[in-house]
Amino acid sequence: MKNISRFKWPGVTASVVLVALLSACGGGGGLDLVINPTPTPVPPLKAWTGPSQFVLTQPETGLRTTALFVASADGAIDLDGTRRYFQAAAMPEGQLAFSAGQPWQEDANRISRAMQEINGKKLFTVEYPDEKSLSLIGGGLANQATAVRDFIALCTPGKRYFLLNADARRVFADSLAQFKNQTLQAKNFTASQCSAALSVMQFDASGNVTLNTTQSGSLPEAMSASQMQLLANGGHVLTADGIGKRSFMFYSLTDTAGTRMLIQEFVVYPNEQQNYIRIWY
């Protein structure tokens, strides 16, 4: 009976105790004792302080959008048929933590967070423990003390989600003057990886645009001011390869900290796996 002392009695059910006693005493038909490990407890869910509603777009579905609601009590959201819990907090160094369940799960010891400022706005990047998945969060104006979520882009190989704050207001060609001499940036996720090559959209004083990316072997794309007028009013233009169709949607967000603009780009190909979305911020 000495073997029994190594087990922790409070964690063993009455039936398992009986098996253990029979086994230790030579009875019970030779049954082996099996104790399953205790599941890792789920961390307590925090209240969600971000937008209560987003508009979801996925590259594979083209321009189709879906309204998503986030519960303020615990961040509960139905994302692509999966119940998730958005959890976010501002870190002391000004970086934004963000969890959405696996694989976008925060682990303070195994993630990488970064914050960039460009064109007067903050963009947060979170890389997760699987070393493949990533999220981008539009964090508002550079001088904005309260962390915001103008948009959330989630990427894991095989799945990409682009969530835009539903409070964003669609604007059209008459807003283009605000972008002159401005630089916006975006990151491009592919269907197979979240390498997120940095892309830059440069407006000149006349409203012409040049798109550049850090991806090796890529060439700059140029769009004239007249093409940008067409795109801002809901039209589309061909991509540089002559195969894809590009469309833009221009948005304005305003809160107590001020007004900021963003552009959501859709590029659609005959092979939908080549489709991509970029949020220029």
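The values are calculated or read from the model by the stated rules, or taken from the named source; none is laboratory data. As the structure is a computational prediction, the values presented were derived from the model and not from experiment. All Cβ positions, even for glycine, are placed from backbone atoms using ideal geometry, and neighbour counts span all protein chains on display. Please note that ligands, DNA and RNA were not included when accessible areas were found on the heavy atoms of the full protein model with its side chains. Shrake-Rupley method; radii C 1.70, N 1.55, O 1.52, S 1.80 Å.
Among the numbered conditions (1) open to solvent by less than 40 Å² (accessible area, probe 1.4 Å); (2) more than 22 Å from Tyr281 (Cα to Cα); (3) in contact with a strand residue (DSSP E or B) (Cβ under 6 Å, 6 or more places away or on another chain); (4) not hydrophobic (A, V, I, L, M, F, W, C), the only one that Gln105 does not meet is (1).
Residues checked against (1) of a type outside the set (Ser, Thr, Tyr); (2) farther than 22 Å from Pro157 by Cα; (3) assigned to a loop (DSSP other than H, G, I, E, B); (4) at pLDDT 90 or above:
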site	(1), (2), (3), (4)
Ala88	yes, yes, no, yes
Gln105	yes, no, yes, yes
Arg113	yes, no, no, yes
Pro129	yes, no, yes, yes
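Taking (1) in contact (Cβ under 8 Å) with a residue 40 or more places away in the chain; (2) polar (S, T, N, Q); (3) more than 26 Å from Thr156 (Cα to Cα); (4) loosely packed, with under 13 Cβ neighbours inside 10 Å in turn, Gln273 satisfies each apart from (3). Looking only at residues in segment 188-225 that are in a loop (DSSP other than H, G, I, E, B), open to solvent by less than 70 Å² (accessible area, probe 1.4 Å) and polar (S, T, N, Q), the one that is nearest to Ile137 (Cα to Cα) is Thr190.
Here's the yes/no breakdown for (1) out of contact with any Phe, Trp or Tyr (no Cβ under 7 Å at 6 or more places or on another chain); (2) of a type in the set (Ser, Thr, Tyr):
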position	(1), (2)
Met201	no, no
Gln227	yes, no
Thr239	yes, yes
Gly258	yes, no
Asn271	yes, no
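The residues of segment 193-215 that are touching a residue at least 60 places away in the same chain (Cβ under 8 Å) and more than 17 Å from Asn275 (Cα to Cα) amount to a single one, Met201. None of Ala97, Ala76, Ala90, Ala67 is out of contact with any helix residue (DSSP H, G or I) (no Cβ under 6 Å at 6 or more places or on another chain), touching a residue at least 40 places away in the same chain (Cβ under 8 Å) and surrounded by 15 or more Cβ atoms within 10 Å (Cβ to Cβ) except Ala90. Selection of segment 62-87 for residues being closer than 11 Å to Gly50 by Cα and either basic (Lys, Arg) or within 14 Å of the chain's Cα centre (by Cα) (or both) yields Phe86, Gln87. Restricted to strands (runs of 3 or more DSSP E) entirely inside segment 134-174, those with at least 2 residues that are in contact (Cβ under 8 Å) with a residue 60 or more places away in the chain and within 12 Å of the chain's Cα centre (by Cα) are 134-141, 151-156, 159-165.
Checked against the criterion of being open to solvent by less than 60 Å² (accessible area, probe 1.4 Å), in contact with a Phe, Trp or Tyr (Cβ under 7 Å, 6 or more places away or on another chain) and more than 30 Å from Ala225 (Cβ to Cβ), segment 124-131 contains one or more residues that satisfy it.
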